[in-house]
1. Hey, can you tell me all the residues within the range 71-84 that are surrounded by fewer than 17 Cβ atoms within 10 Å (Cβ to Cβ) and not in a loop (DSSP other than H, G, I, E, B)?
2. Conditions: (1) farther than 19 Å from Ile134 by Cα; (2) at pLDDT 95 or above. Ile192 meets all but one. Number of the miss?
3. Checking Gly198 against (1) open to solvent by 60 Å² or more (accessible area, probe 1.4 Å); (2) in a loop (DSSP other than H, G, I, E, B), which test does it fail?
4. Collect the residues in the range 153-173 that are of a type in the set (Lys, Arg) and exposed (fewer than 11 other Cβ atoms within 10 Å of the Cβ), keeping them in residue-number order.
5. Across the range 27-67, which residue is modelled with the highest pLDDT among those that are of a type in the set (D, E, K, R) and in contact with a strand residue (DSSP E or B) (Cβ under 9 Å, 6 or more places away or on another chain)?
6. Hey, among the residues in the range 85-119 that are under 17 Å from Ile217 (Cβ atoms) and aliphatic (A, V, I, L, M), which one's most open to solvent (accessible area, probe 1.4 Å)?
7. Look through the range 47-70, keep the residues that are touching a residue at least 12 places away in the same chain (Cβ under 8 Å), outside any strand (DSSP E or B) and among the hydrophobic types (A, V, I, L, M, F, W, C), and return whichever of them is surrounded by the fewest Cβ atoms within 10 Å (Cβ to Cβ).
8. For the subset of the range 212-241 comprising residues that are out of contact with any Ser or Thr (no Cβ under 8 Å at 6 or more places or on another chain) and of a type in the set (A, V, I, L, M, F, W, C), which member is most open to solvent (accessible area, probe 1.4 Å)?
Amino acid sequence: MILVFGGTTEGKCVAKTLDELDIQYYYSTKTKVEYIGKGIPIFGEMTTTLLEAFCKKQNITHIINASHPFAIQLHQTIANISLELPLIRFQRKHSPRTLHRLVSYVDTFEEAIHHFNKNHYQSLLALSGVQTIIKLKMYWKTYPTWFRILDRDSSRAIATATNFPKTHLLFGYPQTKNEEIALFTKIAPEVIFTKESGNNGKLEEKIQAALAINIPIVILKKPEISNRYLCVDAADELNKLVT
């Protein structure tokens, strides 16, 4: 039995691969989501202790972590287990980092805010998701800021809890380059902020759209993960590790 942590496009790819191989698995997500597959869906957060107990009880032979690149706590929780199980990281593909005077990469939110202030940027469009609203509060309490978040009740609830102005919430997913250009032109921020979310997060489209209209873009680097993981980004590579 395999335990998959999903809730992402990569998670769906892992589920599809295991279904085709007729391998039994649990499909775990943080919250209850619509799931179509042969696996057993479960949801809820796990501590390292709970995860170890679950693996022992359910005779888990492999853990496949296909969660979001920025699910830092989950990445670490899985890596911290004491069980000698193969830990597979099924990750999204990332393009090489862009070298351009308008493109900057930062390691932390604090570094991002410092960069905004140092360059005297006085308005911001954040494409980094609802969970980052609170992280950038020191900036948006002073300067006009817009956040694009997912159009769902849970995201609205998180945004409301931060007291972020509802009039500056935008709803939707990453778009094509031309659609992003239209949005960036309409909002006309002095700087754009996003995460290094890979090809599925349409990072390249965001970068190219920003450069097309000469707006600086600051990108939060994807976090490093434990070297306990065997990292793959293709179904055929995953196939070799679980069969």
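1. Ile72, Gln73, Gln76
2. So Ile192 meets the others, but not (1).
3. With respect to (1) open to solvent by 60 Å² or more (accessible area, probe 1.4 Å); (2) in a loop (DSSP other than H, G, I, E, B), Gly198 is out only on (1).
4. Correct list: Lys166 only.
5. By that ranking, first place goes to Lys38.
6. Checking each candidate, the answer is Leu99.
7. Phe54
8. So, considering only residues that are out of contact with any Ser or Thr (no Cβ under 8 Å at 6 or more places or on another chain) and of a type in the set (A, V, I, L, M, F, W, C), the one most open to solvent (accessible area, probe 1.4 Å) is Leu230.
The values are calculated or read from the model by the stated rules, or taken from the named source; none is laboratory data. What you see is a predicted model, and the numbers here were worked out from it, not measured in a lab. Positions of Cβ are generated from backbone atoms using ideal geometry, with glycine treated the same way; all protein chains shown enter the neighbour counts. Remember, those area values only see protein heavy atoms, side chains included, never the ligands or the DNA or RNA. Shrake-Rupley method; radii C 1.70, N 1.55, O 1.52, S 1.80 Å.
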